[in-house]
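Colleague: Below are the structure tokens for one structure; questions will follow.
The values are calculated or read from the model by the stated rules, or taken from the named source; none is laboratory data. Keep in mind it's a predicted model, so treat the numbers as computed, not measured. Cβ placement follows ideal geometry from the backbone for every residue including glycine, while neighbour counts extend to all protein chains displayed.
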């Protein structure tokens with residue numbers, strides 16, 4: 001299985017605590033956060049990863065090089081701002097198969113990837129989103145699904161007593177973009193909520209696995225306490 005990791009984030013909200021680093025390089029337990037994502041992918045059978053990089057990309061490539069355990073690493077460098085969607089589209093040109101795993105570089109979600117891929121294939125989906133059930137949240141939008149987990153809509157961020165959030169791990173067809181005329185740059189998240197949702201055969205995959213998002217300083221601190229001591233493993 002091949003994967004693309006979005007690793008071009010500036011970490012604007014973390015600037016005071018990680019200084020001048022790409023967000024996936026934020027140190028956690030003496031290692032970059034990206035280390036834990038790659039470690040999880042390796043455990044789940046991923047053997048080739050494209051790192052979609054931009055901001056200070058040499059910081060990432062000089063640290064990880066072209067190998068992480070059993071994983072071969074390649075790079076898709078964003079020379080100008082492409083947005084998350086544009087970065088994924090560019091990186092997909094390096095994928096050799098007809099499907100790919102897409103992973104956010106600032107979240108760690110312990111999804112059963114072989115099961116995710118199996119469900120995606122059984123449904124003949126264009127795109128399958130991993131969804132995390134969550135209670136009392138306001139920093140994420142909720143994903144609304146049907147009884148058979150077909151994605152119906154995306155709700156804006158607001159206080160929710162309970163719901164499903166997008167966990168940032170996807171399986172996609174590599175020809176996902178073909179039916180669309182897309183601007184540059186474009187946001188993958190906006191694409192899903194706007195033009196993409198109506199035209200794609202899109203499903204959700206629910207998982208209760210461990211989830212952490214380091215996009216906010218308080219959650220970055222939680223990641224350091226949980227991952228740095230190994231309590232986020234398993």
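Colleague: Among the residues of region 144-153, is there at least one that is touching a helix residue (DSSP H, G or I) at 6+ places or on another chain (Cβ under 9 Å) and buried (at least 17 other Cβ atoms within 10 Å of the Cβ)?
Modeller: Scanning region 144-153 turns up at least one residue that is touching a helix residue (DSSP H, G or I) at 6+ places or on another chain (Cβ under 9 Å) and buried (at least 17 other Cβ atoms within 10 Å of the Cβ).
Colleague: Filter region 45-60 for residues that are touching a strand residue (DSSP E or B) at 6+ places or on another chain (Cβ under 9 Å) and part of a loop (DSSP other than H, G, I, E, B); which is farthest from residue 118 (Cα to Cα)?
Modeller: So, considering only residues that are touching a strand residue (DSSP E or B) at 6+ places or on another chain (Cβ under 9 Å) and part of a loop (DSSP other than H, G, I, E, B), the one farthest from residue 118 (Cα to Cα) is 54.
Colleague: Which members of region 192-209 meet the condition of being closer than 20 Å to residue 86 by Cβ and over 15 Å from the mean Cα position of the chain (by Cα)?
Modeller: 193, 194, 195, 196, 197, 199, 200, 202
Colleague: Within region 190-211, is even one residue more than 23 Å from residue 22 (Cα to Cα), at pLDDT below 95 and in contact with a helix residue (DSSP H, G or I) (Cβ under 7 Å, 6 or more places away or on another chain)?
Modeller: Within region 190-211, one or more residues are more than 23 Å from residue 22 (Cα to Cα), at pLDDT below 95 and in contact with a helix residue (DSSP H, G or I) (Cβ under 7 Å, 6 or more places away or on another chain).
Colleague: From the list 63, 36, which residue is touching a strand residue (DSSP E or B) at 6+ places or on another chain (Cβ under 6 Å), at pLDDT 95 or above, surrounded by fewer than 23 Cβ atoms within 10 Å (Cβ to Cβ) and part of a helix (DSSP H, G or I)?
Modeller: After applying the criteria, what remains is 36.
Colleague: Looking at this structure, is residue 50 at pLDDT 95 or above, touching a helix residue (DSSP H, G or I) at 6+ places or on another chain (Cβ under 7 Å) and surrounded by fewer than 19 Cβ atoms within 10 Å (Cβ to Cβ)?
Modeller: No; evaluated as a whole, the condition is false for this residue.
Colleague: All but one of (1) crowded, with 20+ Cβ neighbours inside 10 Å; (2) within 22 Å of residue 114 (Cα to Cα) hold for residue 208; which doesn't?
Modeller: The failed condition is (1).
Colleague: Residue 170 versus (1) at pLDDT 95 or above; (2) in a loop (DSSP other than H, G, I, E, B); (3) surrounded by 17 or more Cβ atoms within 10 Å (Cβ to Cβ): which is the lone unmet condition?
Modeller: Evaluating residue 170 over (1) at pLDDT 95 or above; (2) in a loop (DSSP other than H, G, I, E, B); (3) surrounded by 17 or more Cβ atoms within 10 Å (Cβ to Cβ) leaves (2) as the failure.
Colleague: Report yes if residue 156 is loosely packed, with under 12 Cβ neighbours inside 10 Å, within 30 Å of residue 59 (Cα to Cα) and modelled with pLDDT under 95, otherwise no.
Modeller: Against the criterion (loosely packed, with under 12 Cβ neighbours inside 10 Å, within 30 Å of residue 59 (Cα to Cα) and modelled with pLDDT under 95), residue 156 does not qualify.
Colleague: Is it the case that region 111-126 has a residue that's without any contact (Cβ under 8 Å) to a residue 24 or more places away in the chain and either buried (at least 20 other Cβ atoms within 10 Å of the Cβ) or part of a loop (DSSP other than H, G, I, E, B) (or both)?
Modeller: Scanning region 111-126, I find no residue that is without any contact (Cβ under 8 Å) to a residue 24 or more places away in the chain and either buried (at least 20 other Cβ atoms within 10 Å of the Cβ) or part of a loop (DSSP other than H, G, I, E, B) (or both), so the answer is no.
Colleague: Cβ-Cβ below 9 Å, separation at least six or inter-chain, first residue in region 81-107 and without any contact (Cβ under 8 Å) to a residue 60 or more places away in the chain, second buried (at least 22 other Cβ atoms within 10 Å of the Cβ) and not in a helix (DSSP H, G or I): which pairs?
Modeller: 90/52; 90/76; 93/76; 94/4; 94/50; 94/76
Colleague: Please work out which one of (1) crowded, with 22+ Cβ neighbours inside 10 Å; (2) under 16 Å from residue 189 (Cβ atoms); (3) out of contact with any helix residue (DSSP H, G or I) (no Cβ under 6 Å at 6 or more places or on another chain) is the condition residue 105 fails and give its number.
Modeller: Going through (1) crowded, with 22+ Cβ neighbours inside 10 Å; (2) under 16 Å from residue 189 (Cβ atoms); (3) out of contact with any helix residue (DSSP H, G or I) (no Cβ under 6 Å at 6 or more places or on another chain) one by one, residue 105 breaks only (3).
Colleague: For region 210-231, check the following and say yes or no: at least one residue is closer than 29 Å to residue 93 by Cβ and in a loop (DSSP other than H, G, I, E, B).
Modeller: Yes, the conditions are met somewhere in region 210-231.
Colleague: In region 13-28, which residue that is out of contact with any strand residue (DSSP E or B) (no Cβ under 8 Å at 6 or more places or on another chain) and in a helix (DSSP H, G or I) is modelled with the highest pLDDT?
Modeller: Filtering region 13-28 for residues that are out of contact with any strand residue (DSSP E or B) (no Cβ under 8 Å at 6 or more places or on another chain) and in a helix (DSSP H, G or I), the one modelled with the highest pLDDT comes out as 23.
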